[in-house]
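Written out below as structure tokens is the structure these notes cover.
The values are calculated or read from the model by the stated rules, or taken from the named source; none is laboratory data. Computed from a prediction, not measured in an experiment: that's the story for all the values here. Cβ: placed from backbone, ideal geometry, glycine included. Neighbour counts: every protein chain shown. For the accessible areas, the whole protein counts, side chains as well, though only heavy atoms, and no ligand, DNA or RNA atoms are used. Shrake-Rupley method; radii C 1.70, N 1.55, O 1.52, S 1.80 Å.
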Amino acid sequence: MMVKRPLVSVVDDDESVRESLPDLVREFGYSVRAFSSAEEFLASDSLGETRCLILDIAMPGMTGPALQQELTVRGRSIPIIFITAQADEAGRLRSLEQGAVACLLKPFSDMALFEALNVAFRAH
Amino acid sequence: MTSAAVSCSPGRRVDSLPPRHRESTTSAAEDRAATSAGLGIAEVAAMLGGLIRQGRPLPLVLTTMCQLFDATVKGFSSIVLVLDRTGARVRNAAGPSLPTGYMKQLEGRRVSWIETASGATINGKTPVIVLDPVSDNLPESQKSTAAAASALRLHEVSPILSLTGEPLGIFAVYQHDGNHNVTRCHSALIQQFTQLASAAIERMRSERRAALLERTQQLSSTWCFSWHVETDEISCSREFCQLFGLDPADVPVTLELIGARIHSEDLPPFHEMIETAQSGVSDFEFELRLRLPDNSIKYLRVVAHRTRDQEGQLEYIGAVQDVTQRRRTEEALATLRAELAQAARVTSLGVLTAAIAHEVNQPLAGIVTNASTCRRMLAVNPPDVEGARETTRRTIRDAERASEIIKRVRALFCKKGATSESLDLNDVTREVVALALSELERNEVIVRTELAGELPPVQADRIQLQQVILNLVLNASDAMNGVDDRPRQLLIRTERDEEDRVRLSVRDTGVGFEPQGVDRLFNAFYTTKINGMGIGLSVSRSIIESHKGRLWATPNDDSGATFSFSVPCGPRHVSNGVTGAQRLGARVSAVTSAEERPMRSP
């Protein structure tokens, strides 16, 4: 019987990321779904299933931190790995304070992501 | 200064002397008999005339005159006072026979003119003044010299007048020895001397005027000339010649000679101007460039007034001014303005750099991720070659995407002329929002857009319009810095404007501005930002105006301000090959391959 791989959801408005990241995360042994916006993710049926969220910070419409807030409000504690192209120290700190597992700066190495995923799944 | 004039006491009047207006008809013997030096009036006059003609300094001439008089007319001493231009003060005083102290204190004294009771004036029009060492009000310190002078009795006073009747000076005669009398020929001498003094003073004044003219010409780099049209001859100064790089020895100066110096490009308008001038129609004024033998360039400004010379022939009198320095400054200023405009684009660099980094990091992240995946796929047994191939394809595509971004950025910052294309203002707006998004988010600004559907295209330079919209958006964001009591809202709206135009407005809820301060906002150097250069709005306005549009600002009713511009609609179709928007970043929803996307040449 095939063990169901845990679902990791990638939310990023950037197309490059949505194309490349899922394949890498699959290599790590997870199953992956990609969404182009926070709204899309919230409206999807993956919401309940997602064991870990890889989330872009800056997005038009609902931002990454805003989604984080929304999930807290909804009582969903999904571990979040933030990824961002902007080196905003204050923002980074804030998101970590809000309970994010990690905040990676693009471009990040595969090892950095691997370790972040380990932390996310170990804690849960 | 106390007034030197006083009413005269009748006893001193000229009535006791033979009337001066009578022609001097002395015999030579009478003449010589009366003089102690043995010189005749004619000879004395000739001597003085010679001094004047030789251009001797005025003080020398007048002192000599007095000396000659004093030597000639026994028992009498003379003084000559030169008046200033107003005729109200003594400028210089010559009086070799009188005490120096007395002479000195005469200088600078106010002179007033009074009517005389009797009509014993030279020409019936000018009143006569009276000076008296005895009755004059002198300060204590000078009373001793006055006492010495009081041994003299004022005998006679003659005004020295110009040819036009202006008072130039005063010739006064004092008697120091009562044993002598003034004879008729002495009176004639006084008359002669008065006239000579008049000539000398007039000469001095005209020399002074000429010197002043010379000096002012030099100061203002302006040189006068006159141009006799018929003979084409030009009268001018040496410096005028030098201005044109001509040798002053090359007389006469003609238009032809000058024409040889004129910049070849300015020759046709020059000839045209001359032709018009030769018809004597009106005054003229123009600017032109010279190219001198040493290849240097001078800018000249010429102003000329049409007139007739003394023979009634057409003549122009005018001035030529060397405005090279001014033109060079203006050119430098224009260059500086262009550079500032360039700098204005670069001012957004800080923000742009962040935006660029952001944009470039996306494909870079893709490259790293894809390559990492590729490596892993090849490391398993058996290797996932198909997967590796796919990640490699994506890697190449992302690299090209990054390269494209750099190209676009280069295009933004290279100094090239404006290119025009048919644009959808909505697309341009979306690009700018994408660019500025991170900055806006950092400033916690909520962006909303209300972009009209079916917006007609505009014919414009894409980069320039991006610059303008970015400028407005960033300004709006800055205006909301520090606003805490209300949401920081930015609204960008596009719509059709009347008469076939398209309008874009950027509305904020920031600090706003006073309606009367609106002009200042667009001033090239006005800024409220600490590190701002304040050039953005001024340059934005000129960009819009160069697109035949209009940029303006109005304060909002509630809070903040709205900056809007409207530009005319362009041709109906959007140029093909551009699918909706050429994006600076990679935030596209549809993937297009690099070959499909047209490359803009930097």
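Give me the percent of the accessible area of the stretch B:226-308 that comes from carbon and sulfur atoms, probe 1.4 Å, all protein chains in place. Present the calculation step by step, with values, prior to reporting the outcome.
Values: 2220 of 4630 Å².
Answer for the stretch B:226-308: carbon and sulfur cover 48 percent of the accessible area.
Looking at the square roots a ≥ b ≥ c of the eigenvalues of the Cα gyration tensor of the stretch B:169-241, which shape do they give, rounded for a/c under 1.5, prolate if a/b is larger than b/c, or oblate?
On the way: a/c = 7.67, a/b = 2.92, b/c = 2.63.
Here the stretch B:169-241 falls in the prolate category.
Taking R0 as 56 Å, what's the FRET efficiency between B:ARG85 and B:ARG550 from their Cβ-Cβ distance, rounded to 0.05?
Working: r = 58 Å, r/R0 = 1.03.
FRET efficiency, B:ARG85 to B:ARG550: 0.45.
Measuring with a 1.4 Å probe in the full set of protein chains, what accessible area per residue, in whole Å², belongs to the stretch B:215-303? Numbers along the way, then the final one.
Working: 4940 Å² over 89 residues.
With the other protein chains kept in place, the stretch B:215-303 gives 56 Å² per residue.
Classify the stretch A:1-66 as rounded, prolate or oblate, taking a ≥ b ≥ c as the square roots of the eigenvalues of its Cα gyration tensor: rounded when a/c is under 1.5, otherwise prolate if a/b is larger than b/c and oblate if not.
Working: a/c = 2.57, a/b = 1.53, b/c = 1.68.
Here the stretch A:1-66 falls in the oblate category.
Just checking the output field for A:103-109: average partner chain Cβ neighbours within 10 Å of each residue's Cβ? Mind dumping the intermediate values first?
Details: counts 0, 1, 2, 11, 12, 4, 3.
For this peptide, the per-residue mean of nearby foreign Cβ atoms is 5.
Determine the sum of side-chain charges near B:VAL303: Lys and Arg each +1, Asp and Glu each -1, restricted to other residues whose C-beta is under 14 angstrom from that of B:VAL303.
Values: positive: B:ARG301, B:ARG306; negative: B:ASP283, B:GLU285, B:GLU287, B:ASP322.
Taking every other residue near B:VAL303 into account, the sum is -2.
Tell me whether chain A comes out rounded, prolate or oblate; compute the Cα gyration tensor, take square roots of the eigenvalues as a ≥ b ≥ c, and use a/c under 1.5 as the rounded threshold.
Numbers: a/c = 1.33, a/b = 1.18, b/c = 1.13.
Rounded shape, in that the Cα axes give a/c under 1.5.
Under a GNM of chain A (C-alpha, springs under 10 Å), which listed residue has the highest mean-square fluctuation: A:GLY64, A:GLY29, A:GLY99?
Judging by the Gaussian network model, the answer is A:GLY29.
Which of A:ALA58, A:ALA90, A:ALA112 ends up with the largest GNM mean-square fluctuation for chain A, with Cα atoms connected below 10 Å?
A:ALA90
For A:20-29, what's the mean count of beta carbons from other chains sitting within 10 Å of each residue's beta carbon?
Values: counts 15, 5, 2, 12, 10, 2, 4, 11, 2, 0.
Mean partner shielding for this stretch: 6.
Compute the label zone of B:ARG56 within the stretch B:198-226: residues whose backbone N is under 15 Å from the point 7 Å along Cα-to-Cβ.
B:198-201, B:204
Straight-line reach from B:LYS548: which aspartates and glutamates fall under 16 Å, measuring Cα to Cα and dropping same-chain residues less than 8 apart?
Cα-Cα hits under 16 Å: B:GLU421, B:ASP461, B:ASP497, B:GLU498, B:GLU499, B:ASP500.
Show B:HIS271, B:HIS547 ordered by accessible area, largest first, where the area counts protein heavy atoms only and the probe is 1.4 Å. Walk me through the intermediate numbers first.
On the way: B:HIS271 100, B:HIS547 30 Å².
My answer, sorted largest first, is B:HIS271, B:HIS547.
Could you compute the FRET efficiency for B:LYS407 and B:THR449, with r as their C-beta to C-beta distance and R0 at 30 Å, rounded to 0.05?
On the way: r = 27 Å, r/R0 = 0.90.
The computed FRET efficiency comes out at 0.65.
Pulled fully out, how much extra length does the chain show between B:ALA399 and B:GLN278, if you take 0.36 nm times their separation in residues and subtract their Cα-Cα distance?
Numbers: separation 121, 0.36 × 121 = 43.56 nm, distance 7.24 nm.
Contour length minus Cα-Cα distance gives 36.3 nm.
How much length would be gained if the chain were fully extended between B:LEU292 and B:ARG205, taking 0.36 nm per residue of separation minus their Cα-Cα distance, in nm to one decimal? Present the calculation step by step, with values, prior to reporting the outcome.
Numbers: separation 87, 0.36 × 87 = 31.32 nm, distance 3.73 nm.
Working it through step by step, the gained length comes to 27.6 nm.
For the interface of chains A and B, what total accessible area is buried with a 1.4 Å probe, rounded to the nearest 100 Å²?
Details: alone 6890 and 31910 Å², together 36440 Å².
Looking at A and B, the buried total is near 2400 Å².
Once Lys and Arg get +1 and Asp and Glu get -1 on their Cβ, which of B:GLN467, B:VAL506, B:LEU490 lies farthest toward the positive end of the dipole of the stretch B:462-509?
B:GLN467
Over the whole of B:431-440, what's the average partner chain Cβ count within 10 Å per residue? Rounded to a whole number, please.
Numbers: counts 0, 0, 1, 2, 0, 0, 4, 7, 1, 1.
Across the residues of B:431-440, the mean count of other-chain Cβ atoms within 10 Å is 2.
Could you please state, rounded to a whole Å, how far the C-alpha centre of the stretch B:154-228 is from the C-alpha centre of the stretch A:1-55?
Between the Cα centre of the stretch B:154-228 and that of the stretch A:1-55, the gap is 110 Å.
Reachable aspartates and glutamates from B:LYS298, Cα under 16 Å, same-chain residues fewer than 8 places away excluded?
B:GLU239, B:GLU265, B:ASP266, B:GLU287, B:ASP322, B:GLU330, B:GLU331
Work out, step by step, the length gained on full extension between B:GLU514 and B:SER162: first 0.36 nm times the residue separation, then minus their alpha carbon distance; give nm to one decimal.
Details: separation 352, 0.36 × 352 = 126.72 nm, distance 6.54 nm.
Answer, rounded to one decimal: 120.2 nm.
Heavy-atom accessible area of B:TRP552 with all protein chains present, probe 1.4 Å, nearest 10 Å²?
Spelled out: B:TRP552, probe radius 1.4 Å, area about 40 Å².
Residues of the stretch B:384-409 that become at least 20 Å² less accessible with every protein chain present than in their own chain isolated, using 1.4 Å: which are they?
B:ARG394, B:ARG397, B:ARG401
Of the accessible area of chain A, with the probe set at 1.4 angstrom, what percent is carbon plus sulfur? Walk me through the numbers on the way to the answer.
Values: 3040 of 5670 Å².
With neighbouring chains kept in place, the figure for chain A is 54 percent.
In µm²/s, what is D for the stretch B:43-107 at 4 °C and 1.567 mPa s, where D = kT/(6 pi eta Rh) by Stokes-Einstein and Rh is the Kirkwood radius from Cα pairs? Don't skip to the end; give the middle numbers.
On the way: Rh = 12.5 Å.
The estimated diffusion coefficient comes to 104 µm²/s.
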